Every structure is written in C-alpha cells, then in structure tokens.
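One structure below.
The values are calculated or read from the model by the stated rules, or taken from the named source; none is laboratory data. As the structure is a prediction and not an experimental result, all values here were calculated from the model. Backbone-built Cβ (ideal geometry, glycine too); neighbour counts: all protein chains shown.
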Amino acid sequence: MKLPEFQKYLQQENINLVFLTHPDPNITYFTQMKPSHAFLIIKQKEAEFLVTKLDVKPTIKNIVTNYFTPDWEKKLADPKIKTIGINKEFISVQYQEKLQKIYPQAKFIDISNQLKLLRSQKTSEEIAKISKACKITSDAFNELINAFSSKFQTEQDVAFFLERHMKNKGCEIAFPTIAATSKNGAIPHHVTSNQKLRKGFMVLDFGACYKHYNADMTRMVYLGKSTKEDKEIYNLLLDSQRAAINEVKDQQSFMHLDKIARTTLGKYSKYFIHSLGHGIGVEVHEDPKFKNHKINKNHTFTIEPGIYIKNKFGMRIEDSLVFNGKTKILTTAPKELLSLNI
Ligand SMILES: [Mn+2]
C-alpha cells in the first residue's frame, strides 16, 4: 500500500533507510502480511522484507523478500547510510540499540507521524477490505438475533457465536468480543466471561478482521422486556449517534461531531466517558484522531457515543463509516432496540 508514495517522502526528506520491526502494524500495511517475525527495510528506491523460515516466503510487488540469516546484521552495515527513519511507537529499545551499532554514523529520526498520515487516507482496495469486514460483522449480528435462544446462557456463549460466524466467513476477530449484560455494560471494555446472562441491556462490541483490515461495531439488545424508560434512554443515545453522523462532511473537525453528540445527550452527557470515535484500518484504533483532526476524503472511522451508569447499566451504539465525499455507514446491522427472551 502506498509504498511509492512513502519512498517519495524519503527522497524529499533525505532519509536513506526506514527500519520497521516486528510487530509494527506498518509492516502489515506495506506487505499485506503478518508473519510471526519480520523486519521491513525501506530505502528510497527499494525495499527488503526479512522473514524467518517458519513462515511462507511471500512474493510482493516492489519488495524483495529474504530469509533472516545468522549474519543479517553484518549484511545490513553500510557507511553511506546517514539518516534512518524509525517508528518510535513500535521499535523496542533493544532493536534501536542494535541499529545504532550497525550504523554508528547515522542519525535517527522518528517517522511515526508520517506513517500515520499516510495510512489515515485509505485506497479503494483498503476501503473494499474494511467494507467486507463490516459486512461480515453485521451479518454475524443478524445471525445471532435469528439464532438467539435459551441455549445461550453466558456472555461467552454469545461472544463465541459471533466469533464463530466471523471465522467461518474467513475472517479473524479484530479484538476479543465484548458481551456485557446489565451492570457489566457500565464498563466500556468489560472482559467477557462465563458470567450468566442477566436481564436488561446487553452491549455487544465486536468486529471482523478481513485480510488484515478491521471492522468495529457495537449493538445493544435488551434481554427480557424493556420499560418505556429503557427505550427512551436508548433512543436518546441513538439520536446522539445519528446527529453526529449527520454532521460528517469534508474538513469538518471531529471535535465538532463530539460536541454535537454530547449536546444531544443533554444531562446524560456526563456519563459519556470516552471519545466519540477513532480511525480504523490495519489497526482497530488509528488515525484520524478525534482530538485534533479534520475529516478528509477516504477516511474510515467509527462513531460511538455511550452512556455508562456505574453498577446499573451501560450502552453504546457504534458504526464504522467511510467518508468518500459522501458518508457511508459500513456496519449496516439494524439499530432499533430488540428485546430477546432469556
Ligand atoms: Mn470502537
């Protein structure tokens, strides 16, 4: 993805070499692979992918692949290398020290921001993969609703159903599925366990990962019979999410969407304790950042307001979207509050 564009940047900035170390997601971004251990070395006109014999040796356009050899460090030594770009967010201190020994003459600069910027604007190929991940995620939810029965006894039973569906469709899971009933839902990142299902709101936050591209979606269902008050607060949250999505347009600041969502929540906004969303791609959380970025064409991101009332209940509604000049919601599973019997 965008390797030539990145190499142009290296030429402009006079960076001789970029060294990406396992498990940097940028390795997956450029190679569209996730080997168990690998380095990616990008120069201004070439790139080399070093993998171990434990993985399949891939063929990648514009990237030469080689196996690690015992003398790989010696092979890399080159006194002409003066400036090296590293991703400070992922390289370990150990590897940075190793590089300093291989290239004692070189200056090291952090290129993490350039990588984030490059990745934040998706290519059509990437958008297609994210869309497919989102479709499989939405399908898993629909299947769950159709199959829901008294056989589902624990939060894990529900999570496993969703995960099995996504894996059966050729996906990995983007992150461990959150199935949180009743007061567990008040913890946004509740760890799903063999906790018996309780009546009340159930938060389902999950996503498929298709060919290294992630989806992220949260839906609410109500176990048992919801009251008028339950429906009112749920619909307020849904209004808040829709109001924020309606404000998506080119060059709009993400903070403006955040403000709209909170204003709509009114007195419940104090229970909305996290950011409205995040960029999504080869990482579940990546740029654009809601704190200080603006919407650009080909950004993919989530919108996910929530209300969390400690020891009572929690709720969140989340969609993954692409802005391609128009707003397109990729996670299309229904958002009306469904009641299920347990
Ligand atoms: Mn999310």
Please go through (1) part of a helix (DSSP H, G or I); (2) closer than 30 Å to PRO288 by Cα for PHE19 and return the number of the only condition it doesn't satisfy. (1)
Can you report the number of residues in region 176-197 which are surrounded by fewer than 15 Cβ atoms within 10 Å (Cβ to Cβ) and either assigned to a helix (DSSP H, G or I) or in contact (Cβ under 8 Å) with a residue 60 or more places away in the chain (or both)? 1
Is it the case, given these coordinates, that LYS225 is exposed (fewer than 15 other Cβ atoms within 10 Å of the Cβ) and in contact (Cβ under 8 Å) with a residue 60 or more places away in the chain? yes
Those strands (runs of 3 or more DSSP E) completely within region 228-339 that have 3 or more residues that are within 16 Å of the ligand (Cβ to nearest atom) are 299-303, 306-309, 313-316, 319-323
Restricting to region 210-221, and then to whatever is over 9 Å from the mean Cα position of the chain (by Cα) and either of a type in the set (Phe, Trp, Tyr) or closer than 12 Å to GLU126 by Cα (or both), can you tell me which residue is farthest from the ligand (Cβ to nearest atom)? LYS211
From the list SER92, SER120, SER131, exactly one residue is modelled with pLDDT of 95 or more, closer than 30 Å to SER339 by Cα and among the small types (Gly, Ala, Ser). Which is it? SER131
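Restricting to region 192-205, name every residue that is farther than 22 Å from ASN341 by Cβ and more than 16 Å from the ligand (Cβ to nearest atom).
If the condition is that a residue be farther than 22 Å from ASN341 by Cβ and more than 16 Å from the ligand (Cβ to nearest atom), then SER193 is the only one that fits.
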Against the condition more than 26 Å from LYS107 (Cβ to Cβ), of a type in the set (Lys, Arg) and touching a strand residue (DSSP E or B) at 6+ places or on another chain (Cβ under 7 Å), how does LYS61 come out, does it pass? no
Just to be sure I understand the filter: pairs with C-beta atoms under 6 Å, separated by 6 or more residues or on different chains, first member in region 274-289 and farther than 15 Å from CYS209 by Cβ and in the same structural domain as PRO305 (by TED's automatic domain parsing), second member aliphatic (A, V, I, L, M) and within 11 Å of the ligand (Cβ to nearest atom). Which pairs pass? GLY277/ILE303
Show the residue pairs meeting these rules: Cβ distance below 6 Å; 6+ apart or different chains; first residue within region 313-328 and at pLDDT below 95; second residue surrounded by fewer than 22 Cβ atoms within 10 Å (Cβ to Cβ) and not in a strand (DSSP E or B). none
